[in-house]
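What follows draws every value from the coordinates through simple rules; no lab data is involved. What you are looking at is a predicted structure, and each value in this text was computed from that prediction instead of being measured. Methodologically, a virtual Cβ is constructed for each residue, glycine included, from the backbone with ideal geometry; neighbour enumeration extends over all protein chains shown.
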Amino acid sequence: MDNIFKKAYIYLDGYDNLLEALSFGTDGTKVGEMIFNTSLSGYQEILSDPSYAGQFVLFTMPEIGIVGVNDKDIESYSNKLYVSGIIVRNYNAFYSNFRAMQSLHSYLKENNTLGICNIDTRFLTKLIRNNGAMNIVVSTKISSLKKLKETLVSSPKIGEINYIKDISTKKKKIYNKSTFSFETLDYKKPQSNKKRIIVIDFGIKQNILNELSEVGLECEIIGFDFSADDIIKDFNNKKIGGVFLSNGPGDPSILTNQIKEIKKLVQAKIPMFGICLGHQLLSIANGYKTYKLAFGHHGANHPVKNLITNEVEITSQNHIYSVSESISKIATITHKNLFDGTIEGLRYNDFPIISIQHHPEASPGPKEASKIFKEFALMVKEF
């Protein structure tokens, strides 16, 4: 299996040394923002999360590839990968797991995604921790420091790119959890005992749809370029009971048209629930800007305090933007991150809206964070 490895060259913005490593997966030259993830397991769910579009995920877990890849743990419901690449200390070409269907190498190659190994990931993690998320260029084709630097300088930054237009669904769909599939859209009555909601897809994860369905909600998935007027009309005609704003990649502030449409939904007092990017978009739509953290929260062991119940929830996280404390003027802060005190959850005072920054569907062991889905379902059924 050694023939899968090729020489790779890495240039980090502001670090004028060329780093050498080995590659697996696809070949070529890739540009992205390097962040680190502290999860000890679940590498397939992480790299298939559309929220990582445009990023290189550096795993602090040193051994990656051990359990291979299967078709049940893919978080992207389009089955595509949007991450620029992954960086690991040691890639295990030999894998062993009863659920495995292929190697991580072959999976990355099929999805045109670059893997990097045989590099000091502790050194890179410390660089990010001290300097913040870093723009990098990685290549199996270019070995010149000057050319790699020119490539990075001439490439747009992650905050300037709208990845969502390529990720979001192009057709309306109904999600059917019983078969884990998508059906052709029709406007017949919802499944028995289920209330239909609109799910606005900015890069939604499979397990979010599973959780929404589990609490009795039927998901009508629509693209990011949506019309608030159409949604309001369906709500007034009792065709839907609420709106869910999904997770997704990039800087929320570049979605100016979507923010305008969300403002209309807010004013219509439609029950809404946002996760991650959806949480941030709701804040901006209500007049409160977000800000970029130094290196963000990426991992499966982040303690979050539920300020309503006084419980501590162990959460899965993947974000680099955060909501400002000033939003407490119009919303009750329901959750806080115990690592740095940033806002993790909100309940809006004058509107039937809740939002959460972390991923309550990811179940990093405990499932106590997932009760937020039941809260949303009750809100929808009351209207």
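Where in the range 288-307 does the label zone of F339 land, with the point 7 angstrom along Cα→C-beta and an amide N cut-off under 17 Å?
The answer is 291-306.
Using the Kirkwood formula on the Cα atoms of the range 2-160, what hydrodynamic radius do you get, in angstrom to one decimal?
Working: mean 1/r = 0.0641 Å⁻¹.
This gives a value of 15.6 Å.
Would you work out which of N318, H359, F383 lies farthest towards the positive end of the dipole of the range 256-383? Charges go on Cβ: Lys and Arg +1, Asp and Glu -1.
F383
Mind pulling up the Rg/Rh value for the range 200-252? Radius of gyration and Kirkwood radius, both on Cα. Kindly include the intermediate steps, with their values, before the conclusion.
Numbers: Rg = 11.9 Å, Rh = 12.1 Å.
That ratio is 0.98, to two decimals.
Once each part is reduced to its C-alpha centroid, what is the distance from the range 72-86 to the range 230-303 in angstrom?
22 Å
Could you line up F244, F98 from fewest to most neighbouring Cβ atoms inside 10 Å?
Arranged by neighbour count, lowest to highest, F244, F98 become F98, F244.
Quick check on the exposure proxy: order R99, R347 from fewest to most C-beta atoms within 10 angstrom.
Sorted ascending by nearby Cβ count, the order is R99, R347.
Charges on Cβ only, +1 for Lys and Arg, -1 for Asp and Glu, centred on the Cα centroid of the range 1-153; of S144, A53, S76, which one is farthest towards the dipole's positive end?
Value: S144.
Take the Cα gyration tensor of the range 164-382, multiply each eigenvalue by 5, square-root it, and list the three semi-axes largest first, rounded to whole angstrom.
In descending order the semi-axes read 26, 19, 17 Å.
Name the residues whose placed amide hydrogens come within less than 5 Å of the amide hydrogen of L293, ignoring near sequence neighbours (fewer than 5 apart) on the same chain.
Amide H to amide H, under 5 Å and 5 or more residues apart or across chains, L293 pairs with Y321, S322.
Multiplying the sequence separation of T38 and K149 by 0.36 nm and subtracting their Cα-Cα distance, what value in nm do you get?
So the chain would gain 37.1 nm between T38 and K149.
Would you grab the residues whose amide H sits under 5 Å from the one on T26? Only those 5+ places off in sequence or on another chain, please, with H modelled 1.01 Å from N.
Those qualifying (amide H under 5 Å, at least 5 residues apart or on another chain) are K109, T113, L114, G115.
I need the calculated FRET efficiency for the pair K260 and D350, taking r as the beta carbon distance and R₀ as 22 Å, to the nearest 0.05.
Plugging the Cβ-Cβ distance into 1/(1 + (r/R0)^6) gives 0.65.
Going down the table (K80/K233; K157/K269; K30/K172; K263/K292; K233/K292), which pairs top 26 Å between alpha carbons?
The answer is K80/K233; K157/K269; K30/K172; K233/K292.
To test your reading of the geometry: what angle, between 0 and 90 degrees and rounded to tens, separates the Cα axis of helix 121-131 from the longest principal axis of the chain?
60 degrees
Sorted from fewest to most neighbouring beta carbons within 10 Å, what does the list D201, D229 look like?
Sorted ascending by nearby Cβ count, the order is D229, D201.
If you line up the long axis of helix 256-267 against the longest principal axis of the chain, both from Cα atoms, how many degrees apart are they, to the nearest 10?
Roughly 30 degrees, rounded to the nearest 10.
With point charges of +1 on the Cβ of Lys and Arg and -1 on the Cβ of Asp and Glu, referenced to the Cα centre of the range 2-160, which listed residue (V88, N111, L19) lies farthest in the positive direction of the dipole?
The residue sitting most towards the positive pole is L19.
How many nm is it between the label spots at D225 and K239, if each spot is 7 Å from the Cα in line with the beta carbon?
Going from the D225 label point to the K239 one covers 2.0 nm.
Under 16 Å from a label point 7 Å along Cα→Cβ of L293: give me every residue in the range 132-158 with its amide N that close.
Flagged as within label range: 132-134.
On a C-alpha basis, how far is the centre of the range 99-158 from the centre of the range 318-346 in Å? Whole number, if you could?
31 Å
Which pairs break 22 Å Cα to Cα here: K72/K305; K329/K374; K7/K149; K194/K305; K205/K374; K205/K239?
K72/K305; K329/K374; K194/K305; K205/K239
Can you give the FRET efficiency to the nearest 0.05 for K329 and K269, using r as the Cβ-Cβ distance and R₀ = 25 Å?
On the way: r = 19 Å, r/R0 = 0.75.
Efficiency computed from Cβ-Cβ geometry: 0.85.
Hey, in the GNM for the chain with a 10 angstrom Cα cutoff, which one of K109, K172, K329 fluctuates hardest?
Among K109, K172, K329, the largest mean-square fluctuation in the Gaussian network model of the chain belongs to K329.
Relative to the compact globular guide of 2.2 N^0.38 Å, what is the alpha carbon radius of gyration of the chain, as a ratio?
0.98
Relative to the first principal axis of the alpha-carbon coordinates of the chain, what is the inclination of helix 145-154, with its axis defined by its Cα atoms, in degrees from 0 to 90 and to the nearest 10?
20 degrees
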